[in-house]
Structures are given as C-alpha cells and as structure tokens.
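Following: one structure in structure tokens, then a few remarks.
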Amino acid sequence: MKPGSGSTPSQTVGPFFHLGLLREDWSRLVKLDHPSAIRIHGTVYDGAGEVVPDAMLELWQADANGHYAHPEDDREGSPPEDGSTGFGRCGADDAGHFEFVTVKPGSVPGPGGGESWQAPHINVSVFARGLLKRLVTRVYFSDEDEANAADPVLASIEDPDFRATLVARAEDGGYIFDVHFQGENQTAFFDV
Amino acid sequence: MREERISLSQSGGYRRDSESQPPYLYPEYESTRLRAPGRPLVILPHTLSELTGPVYGHEKVGTLDHDLTRQHVGEPLGERIIVTGRVLDGDGRPVRNSLIEAWQANAAGRYAHHGDRHPAPLDPNFTGAGRCLTDSEGRYRFVTVKPGAYPWGNHDNAWRPAHIHFSLFGPAFATRLVTQMYFPGDPLFEHDPIFQSVSDPKARQRLVSRFDLSATEPEWALGYSFDIVLRGCNATPVENHG
C-alpha cells in the first residue's frame, strides 16, 4: 500500500450486525449504583416517522472530569476517574428504543487546544441498515444552559431549532435523546 | 509508541476523504431513501473529542476469537479460508493494537440471526462472528469459511455478492469505519447497489480482497489478502517530549 493512498470506503452494517457487534452488553458505561449514574435513552425514527429497530448507537465520552481515556489526552492533573473506558454501544430494540447508563462528562477543550472549552457532550455514531456510512451527532445536556451557550460547536449551527436537536431533555434521573434521520425534526449530523 | 505520537490537536486533525466514500442517499439502495439525512451535514472541527477514541484491551480478546471455524464442537461446512492483511492509515503507517470485529453469512448464504429468512440451511457449527487485534505491524488474520451469496428484497432478483463485514476503530473517534470485504471477480458486483454506491472505481476496488497464494496454507485453506486503509492525519509526525 502506497503512502497517500485513499481510504477504504464505508459500507452499511446491514440488518444482521447484532451477530458481530452486540454479543456483549456495552450499554452500561458505569455500574448502575455509581453515585452519578445517569440514563440516556431515546428512539430512532426514519423519514416516514417509523421507528428504526435495526439501528445501533455508539457513545464516546470523557469522564466526569472531562478526561478522555486515550493517549492523545495527556493533560496533566486529569487522571481517568472511574475506570470507565468512555465507550458504549447499544442496539435499538423492536420499538427503535435504546438506553445507556453513564455519567455526565465534564467540559473538554475546544478547537485548537486549551483556549476555548466545549460544553459537556457525548460523541455519538449511529449505524443502521440503509446507512452506507455512520451518522455522527452529539448529545448535549439541557441543564447546562450556560456552557451550551458558550459552546463553539453548537454556536456553529445557526438555526436554533436545528441546534436544539442536539440537546437531550432532562427528566427524572435521565435524559431523552431521540434521533430523527429526516423531516422537520431531523437531528443535526456532523461531517467529521 | 511515543515516537509515533502526533501533535494532532495543533493540526487540522484527520483528513477528510469524501471522494472514497459512498453518499448517504443512493436511491438504488432502497433503504437509503428514508434514512439518508435530508439536511446538510454540519462541519465539525477535530477537537479532543474527535482525536481520541475507544482503546480496547488485549486481555479482552480470546486467543481463538479470530478463528470462526473453531467455535463449536464440529467444523463448519464450506470452503475454509484465511483472510489476512494490514490496517494502515492514509500515510501508509500501521494502525497497531486496534480492534477488528467481523461477521458474515455461512457457506450457504445464511446468517445465524433470527431476522434472516433466506431458506438456506443454518450450520450448527458456524456462528459467523469473530474479532482480533492488529499486531505491531498493523497485521490481522481471520480463519473462516467463504460466505455464500444471498438474496435480499431490494429489487427484483437482488443478490448480495459474498462479503464479510469488518468493523474498525483505529486510533480515534474520527477514524471509526465499518465496511465490507468482497471476493475477487464476483459476477454480482455490477448488480449490487451497496457495492456500486461507491462511485470511484479505484475506491470500489479497495473493497475487494485479493487471492494470495502466499497466505494460502497447503492442504488446508485458500488465503485472501485485504488491506484496510483508515484516514490519514493532516499533521506531520513530531517528537513527543512529554
């Protein structure tokens, strides 16, 4: 393989990915009895408003201190906190519903390093039959108004309704984050 | 590998290689019509969130997880094959210690999945799922059986070319890739909208494995080579003194 060659194209996970990707339960990033455990759940909808049972979500997040368990995050004074790897994966059920148990991440540095800060957020990949490549979105939190208002990624989305699709609604002990592939409620997706 | 560390956050992060990738909407692949996003994507700068990603530990991968022919009491039916290759970044550097997950249909073209209604036989000795970690040269190796082609409901007389699904993480959230590996010379290529959704013929060819006599083991199994190229970095490597 020559240097500078193009990358391998993405292809859909198809309808039978459970076989290879969901043999273990990765939906709990922390133990249920973790003192700061939160539930993030929602439903995946297609362009006809039908639920999508053959979808899968993956989460990638910093810990509660805003530290990513990865060598690229080598900032001093922020050791990994709770032993969580920060990775989660959950398949939708027959009702298109998914549910994760995790902790709310801390703020992390913004574009270009430590000058600006990003509001607490979770990075999300969505896979499904009919998606030739993953969709990327983010979960922000409705009880972080101040941090959200200063977040550079949220600020890059002009339409306030579109921006609001990234903000999970707080309810008792958890947050609701629905994913809409199309339509007037379409979730904002990113070109990573 | 400290010497390979790259000052990613000082740079533009990972290169976008959209020319090699399929679109979201490819109407010939029916399911994209209601699932492709309608609104334009929001360009995301590569921050620490995108430059980091899940790290999978060696201890979690079993020594036989790469061998799909040894997961049951007996051996699966079909043509035993070896699939091997390297995982590289777009600059030809090996992607080391990185998790690869794979899944596939059996030799008759049937997945061991309750949703698969194709009336071909299940094989009690074949589940069709495996995983492994790349080694220090980015190399991986699976032992399996050649999957069969199978019909699907996309259009009249639609058949998927034989393929193995591969899922890779690479070093960062930005490098996540799920793809499919095909076999050389498959007559179904020209009829398959999933394969054809990649418009660049050179990129499409990167989805096709190569018969490899040097990976073939005498009296035992044919070998196929399949290199997987993840996105490259915009940065040039620098010494890391941290």
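Some notes on this structure:
- Boolean, B:L207 is more than 23 Å from B:E79 (Cβ to Cβ) and buried (at least 19 other Cβ atoms within 10 Å of the Cβ): no
- The range A:27-44, subset assigned to a strand (DSSP E or B) and of a type in the set (A, V, I, L, M, F, W, C), residue nearest to the other protein chains (Cβ to nearest Cβ): A:V44
- You will find that of A:G6, A:G47, A:G14, A:G20, the residue that is buried (at least 21 other Cβ atoms within 10 Å of the Cβ), facing chain B (nearest Cβ under 7 Å) and on the phi < 0 side of the Ramachandran plot is A:G20 and no other.
- Matching entry among B:H114, B:H72 (being surrounded by fewer than 16 Cβ atoms within 10 Å (Cβ to Cβ), free of Cβ contacts under 8 Å to residues at least 24 places away in the same chain and more than 30 Å from B:F173 (Cα to Cα)): B:H114
- Selected residue (criterion: farthest from the other protein chains (Cβ to nearest Cβ)) from residues of the range A:135-153 that are surrounded by 21 or more Cβ atoms within 10 Å (Cβ to Cβ) and more than 12 Å from the chain's Cα centre (by Cα): A:N148
Rundown of residues vs (1) over 16 Å from B:A102 (Cβ atoms); (2) in contact with a Pro (Cβ under 8 Å, 6 or more places away or on another chain), yes/no style:
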position: B:R141; (1), (2): no, no
position: B:W152; (1), (2): yes, no
position: B:I164; (1), (2): no, yes
position: B:A172; (1), (2): yes, no
position: B:R176; (1), (2): no, no
position: B:M181; (1), (2): no, no
position: B:T216; (1), (2): yes, no
position: B:E219; (1), (2): yes, no
position: B:V229; (1), (2): yes, no
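Let's see how each residue does on (1) among the hydrophobic types (A, V, I, L, M, F, W, C); (2) in a strand (DSSP E or B); (3) over 16 Å from the mean Cα position of the chain (by Cα):
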| position | (1), (2), (3) |
| --- | --- |
| B:G109 | no, no, yes |
| B:H114 | no, no, yes |
| B:N125 | no, no, yes |
| B:T144 | no, yes, no |
| B:G170 | no, no, no |
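FYI, it's all coordinate maths here, none of it is from the lab. Keep in mind that this is a model prediction, so the values were computed, not measured. Methodologically, a virtual Cβ is constructed for each residue, glycine included, from the backbone with ideal geometry; neighbour enumeration extends over all protein chains shown.
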